[in-house]
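Student: Dropping a structure here in structure tokens format, bear with me for questions.
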Amino acid sequence: MSDNVSQPRLLLRRLHSVMAAGGSAQDRLDRVAHLIAQNMVAEVCSIYLSRAGGVLELFATEGLKASAVHQTRLNIGEGLVGLVAERGIPLNISEAPNHPRFAYRPETGEDIYHSFLGVPVLRTGKVAGVLVVQNVTPRSYKIEEVEALQTIAMVISELVASGDLIAPDELSEDAATLGAPVTLNGTKLSDGVGSGIAVFHQPQIKIKRTVAEDVDAEVVRLEQAISTLREQLEDMLKHPDLSHMGEHREVLETYRMFAYDQGWQAKMREAALSGLTAEAAVDRVQQDNRIRMQKIRDPYLRERIADFEDLASRLIRILQGCETSEREALSDQTVLIARNIGPAELMDYDRTYLQAIVLEEGSATAHVTIIARAMGIPVIGRVSGLLSHVEAGEHVIVDTGSEHVYVRPSEDIIESYRQTAKLIRKQLEAYEAERCLPSETLDGKRVNLFMNAGLLVDLPNIENTGAEGIGLFRTEFQFMISPVLPKVDEQFKIYSAVLDSAEKKPVVFRTLDIGGDKQVPFLPRDEEEENPAMGWRAIRIALERPALLRFQLRAMLYAAAGRDLCVMFPMIAEVAELKRCKAILQKEINRLEMYNRVPPASIKVGCMLEIPSLAWQMDLLLNEVDFLSVGTNDLMQFFFACDRSNPRLTDRYDLLAPPVLSFLYSVIQACNDKDVPITLCGEMGSKPIEAMALIGLGLRRLSVSPTAIGPVKRMVRSMNLDRLEEFMLSKLSSADHSIRDSLAHFARDHRVKLG
Ligand code: PEP
Ligand code: MG
């Protein structure tokens, strides 16, 4: 099929004329299936469409038995077709019948086809169906073939949108639930409660035409829209509102930088040149970005890509000529509803009106979350089905404590909200008052609380939270948002700014943890890795490309001239690796002398414990480091052999499982015995109950997200260490799946405040 995919424009045109021709929608769809199979030299082309209730129905096929059309139905997640719909990303396999999710449907006769390529038919980000091609010969389809099929899927989505194939009320949105009170679950992104009227961030973007009549004209339209977008962002940065928001300006600057990303522009141009309209080209590239986003495990970096989503919808609105500001639609009691929203879009709103934000996507480290948090707006994200359960103008209550969104709430929910709002107000006042209190247990043991950071916007939080310093500065974030490798001088400026704002408080700079799922634009990967988390990343790249590490260390040494410097190496698997890193650092230290540069007042070197193998070299390791930091986010996925990004495994193992606790206990004890400071900087430390367990195992230093400092300190100040240590030791040999419940009981019995 590769010969033909070089001419996607031609195929799109043919599809367009089929669609524009007369006949029933079903006839047109049948002809579309035929044409795709023919052009892509596939023995099978099948089109499945989503119906109400999460069912995928075979609507047309070329190659499978015709009698299966409208008979074969699969649930979302069922079979390979259901898997494509569930994930919303392409599936390309050479031996379909061997795939564990293959569900054989005898009425289709598909068992003779080995290779399978399925892509989602996406409509405004939702899966409206699945387009499949199959071949008898086992083969893996080429990337260009996958891309061509994705482009074709856009044309099919146009046909679906016409409403001729499936009546709108039979589409997959569950309209039946509207009217009754509904409680939706999500994830807390920014603390608080809020109540108000649902306002949709933007009317759903509908792309009416996907195939270009005049390709050159579409390219020109696209380029003009990109210029308008850039002008809008420049204007936004000049907005007087921003002058009051010093630290957030940085976030918007980063966002503006994306609007100038050459790669993004080139891809959209390419999509337009393939025969799509300018709007469809923007959406097509956005589909790829969404897929990339799903592959990236680091939520922070995922959100950097989500900024493109924001830009893409802006661009489509410009192309469609609907640029009106949403501000007029707001009342002073607004709960903003969106699939996702970018930082600049949030800036379009008068923030005094916003009571809360609810997102179908979103993550704790999104730019928009950073800004919302700084503005004190409660946010709940990852609310699946949000957009189909809420109507504009309905009453919505957001409670981040229970992580619930109440749509059309009943009277008792409204009353309970009032009570919660009162309580939260009191609690925030209390955290604020405790900011300067020591982080010390009732029996006088100190627990040092540091914060994690990654961008300059995070820095004011040192002051706001009363953190004792930065326990983990993830340097890769600065690299991720830069299209080119930041020069020593640029890195120097960043590290200096970090040290400046920390004043005399310690800062631990972690060297680059890029690669794997944290891709940087200037270091392309040659090939997809099967297991990126266990792949070519972090120190493995640094030791192979030592210049990268040398420049980074040089910038750190310059920035710390006359001050204290703490450097930490990530993903160290063995002491030998650490020694090689230290040798590189030593070269840079020697270089300072050679060039008569002022050295740091002190240099401390540490490493992350993220790979279990390192724990079997503790004695050797502790002779080599000044400090150790436990990265449980990675460590635990390797410890349990359990991919942390796999949603099916989210609750499979618990961090408060006896094997985890025994392992951490032995590591903590080894460090304490040798007086080597050990910090835990994974997310585990940010939850009061987990932090409590760690402290009970002897840990005295935690580096947590800025918002966790208040609650963790509150927990520390309410507990008595002696009893906790005894309790924790008694649990190490337990055969239970987790000690979470018994620890929660212990906390209750001993009045430990877990929030
Ligand atoms: C960790 O793995 O726990 C960690 C802190 O590193 P990151 O989350 O950046 O991978
Ligand atoms: Mg890690």
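The values are calculated or read from the model by the stated rules, or taken from the named source; none is laboratory data. Being a predicted model, the structure only gives us computed values, none of them experimental. Backbone-built Cβ (ideal geometry, glycine too); neighbour counts: all protein chains shown. To get the accessible areas, we keep the full protein, side chains included, count just its heavy atoms, and leave off ligands, DNA and RNA. Shrake-Rupley method; radii C 1.70, N 1.55, O 1.52, S 1.80 Å.
Student: Quick check on my filter: what residues within the range 28-74 are open to solvent by less than 10 Å² (accessible area, probe 1.4 Å), of a type outside the set (S, T, N, Q) and within 13 Å of residue 152 (Cα to Cα)?
Tutor: 29, 32, 33, 36, 37, 40, 45, 47 - these are the residues of the range 28-74 that are open to solvent by less than 10 Å² (accessible area, probe 1.4 Å), of a type outside the set (S, T, N, Q) and within 13 Å of residue 152 (Cα to Cα).
Student: Given (1) open to solvent by less than 50 Å² (accessible area, probe 1.4 Å); (2) under 17 Å from residue 36 (Cα atoms), where does residue 91 come up short, assuming only one miss?
Tutor: Condition not satisfied by residue 91: (2).
Student: Against the condition open to solvent by less than 20 Å² (accessible area, probe 1.4 Å) and either of a type in the set (Val, Ile, Thr) or under 28 Å from the mean Cα position of the chain (by Cα) (or both), how does residue 542 come out, does it pass?
Tutor: Working: open to solvent by less than 20 Å² (accessible area, probe 1.4 Å): yes; either of a type in the set (Val, Ile, Thr) or under 28 Å from the mean Cα position of the chain (by Cα) (or both): yes.
Considered against the rule, which asks whether it is open to solvent by less than 20 Å² (accessible area, probe 1.4 Å) and either of a type in the set (Val, Ile, Thr) or under 28 Å from the mean Cα position of the chain (by Cα) (or both), residue 542 comes out as yes.
Student: Got a number for residues in the range 391-410 being acidic (Asp, Glu) and under 13 Å from residue 186 (Cβ atoms)?
Tutor: The number of residues fulfilling the criteria is 2.
Student: Then there is this: Checking the conditions here, which among 626, 634, 651 is farther than 28 Å from residue 726 by Cβ and buried (at least 18 other Cβ atoms within 10 Å of the Cβ)?
Tutor: Numbers: 626 fails: buried (at least 18 other Cβ atoms within 10 Å of the Cβ); 651 fails: buried (at least 18 other Cβ atoms within 10 Å of the Cβ).
Only one candidate passes the filter, namely 634.
Student: Do you know which of the residues in the range 617-643 that are in a loop (DSSP other than H, G, I, E, B) and touching a residue at least 12 places away in the same chain (Cβ under 8 Å) is nearest to ligand 2 (Cβ to nearest atom)?
Tutor: Only one residue fits best here, namely 631.
Student: Which members of the range 451-463 meet the condition of being in contact with a strand residue (DSSP E or B) (Cβ under 6 Å, 6 or more places away or on another chain) and either surrounded by fewer than 23 Cβ atoms within 10 Å (Cβ to Cβ) or within 16 Å of residue 491 (Cβ to Cβ) (or both)?
Tutor: Hits for the range 451-463 are 453, 454.
Student: Only one of 710, 685 is touching a Ser or Thr at 6+ places or on another chain (Cβ under 9 Å), within 16 Å of ligand 2 (Cβ to nearest atom) and within 27 Å of residue 469 (Cβ to Cβ). Can you tell me which?
Tutor: On the way: 710 fails: within 16 Å of ligand 2 (Cβ to nearest atom).
Within the list 710, 685, the selection yields 685.
Here is a yes/no grid of residues against (1) within 19 Å of the chain's Cα centre (by Cα); (2) open to solvent by 10 Å² or more (accessible area, probe 1.4 Å); (3) modelled with pLDDT under 75:
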| position | (1), (2), (3) |
| --- | --- |
| 324 | no, yes, yes |
| 331 | no, yes, yes |
| 360 | yes, yes, no |
| 387 | no, yes, no |
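Student: Here's a follow-up. Quick check: anything in the range 608-617 among the small types (Gly, Ala, Ser), open to solvent by less than 10 Å² (accessible area, probe 1.4 Å) and within 16 Å of ligand 1 (Cβ to nearest atom)?
Tutor: Scanning the range 608-617, I find no residue that is among the small types (Gly, Ala, Ser), open to solvent by less than 10 Å² (accessible area, probe 1.4 Å) and within 16 Å of ligand 1 (Cβ to nearest atom), so the answer is no.
Student: Let me ask you something else. Give 625, 598 a once-over and let me know the one that is at pLDDT 95 or above, β-branched (Val, Ile, Thr) and within 34 Å of the chain's Cα centre (by Cα).
Tutor: Of 625, 598, the one residue that is at pLDDT 95 or above, β-branched (Val, Ile, Thr) and within 34 Å of the chain's Cα centre (by Cα) is 625.
Student: How many residues are away from ligand 2 (no atom under 16 Å from the Cβ) and in contact (Cβ under 8 Å) with a residue 40 or more places away in the chain if we restrict to the range 471-481?
Tutor: Number satisfying all stated conditions: 1.
Student: Could you look through the range 75-86, keep only residues that are out of contact with any helix residue (DSSP H, G or I) (no Cβ under 7 Å at 6 or more places or on another chain) and closer than 16 Å to residue 131 by Cβ, and pick out the one that is most open to solvent (accessible area, probe 1.4 Å)?
Tutor: Out of the qualifying residues, it is 86.
Student: Does residue 645 count as over 29 Å from residue 464 (Cα atoms) and either at pLDDT 95 or above or open to solvent by 10 Å² or more (accessible area, probe 1.4 Å) (or both)?
Tutor: Spelling it out, residue 645 is indeed over 29 Å from residue 464 (Cα atoms) and either at pLDDT 95 or above or open to solvent by 10 Å² or more (accessible area, probe 1.4 Å) (or both).
Student: Quick one: which helices (runs of 4 or more DSSP H) sit completely within the range 535-613 and have at least 1 residues that are of a type in the set (D, E, K, R) and free of Cβ contacts under 8 Å to residues at least 24 places away in the same chain? Before you say what the answer is, go through the steps one by one.
Tutor: Details: elements: 538-544, 546-559, 575-594.
Filter on the range 535-613 gives 538-544, 575-594.
Student: Out of (1) within 28 Å of the chain's Cα centre (by Cα); (2) in contact (Cβ under 8 Å) with a residue 60 or more places away in the chain, the odd one out for residue 45 is which?
Tutor: (1)
Student: What are the residues in the range 187-230 that are outside any loop (DSSP other than H, G, I, E, B) and without any contact (Cβ under 8 Å) to a residue 12 or more places away in the chain, if any?
Tutor: Residues of the range 187-230 that are outside any loop (DSSP other than H, G, I, E, B), as a first pass: 187-190, 193-200, 211, 215-230.
Of everything in the range 187-230, those that are outside any loop (DSSP other than H, G, I, E, B) and without any contact (Cβ under 8 Å) to a residue 12 or more places away in the chain turn out to be 216, 217, 220, 224, 227.
Student: Do we have any residue at all in the range 728-738 that's of a type in the set (Gly, Ala, Ser) and within 16 Å of ligand 2 (Cβ to nearest atom)?
Tutor: no
A quick yes/no check of all residues on (1) at pLDDT below 80; (2) open to solvent by 60 Å² or more (accessible area, probe 1.4 Å); (3) within 16 Å of ligand 1 (Cβ to nearest atom):
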| residue | (1), (2), (3) |
| --- | --- |
| 429 | yes, yes, no |
| 432 | yes, yes, no |
| 445 | no, yes, no |
| 465 | no, no, no |
| 495 | no, no, no |
| 508 | no, no, yes |
| 511 | no, no, yes |
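Student: Counting just the residues of the range 123-156 that are small (Gly, Ala, Ser) and at pLDDT 85 or above, which one comes out surrounded by the fewest Cβ atoms within 10 Å (Cβ to Cβ)?
Tutor: So the residue we want is 140.
Student: Search the range 136-147 for residues that are part of a loop (DSSP other than H, G, I, E, B) and pair each with any residue that is open to solvent by 80 Å² or more (accessible area, probe 1.4 Å) when their beta-carbon atoms are under 8 Å apart and the residues are at least 6 apart or on different chains.
Tutor: Here the result reads 136/43; 136/112, each pair linking the range 136-147 to a residue that is open to solvent by 80 Å² or more (accessible area, probe 1.4 Å).
Student: Just wondering, is there one or more residues in the range 549-563 that are within 16 Å of ligand 1 (Cβ to nearest atom) and charged (D, E, K, R)?
Tutor: no
Student: Give the range 654-692 a look and list any residue that's open to solvent by 20 Å² or more (accessible area, probe 1.4 Å), at pLDDT 95 or above and of a type in the set (D, E, K, R), or say none.
Tutor: Residues satisfying the conditions are 673, 674, 675.
Student: Any chance the range 669-682 includes a residue that's assigned to a helix (DSSP H, G or I) and within 16 Å of ligand 1 (Cβ to nearest atom)?
Tutor: Pass one, the range 669-682, residues assigned to a helix (DSSP H, G or I): 669-673.
Restricting the remaining residues to those that are within 16 Å of ligand 1 (Cβ to nearest atom) gives none.
Among the residues of the range 669-682, not one is assigned to a helix (DSSP H, G or I) and within 16 Å of ligand 1 (Cβ to nearest atom), which makes the answer no.
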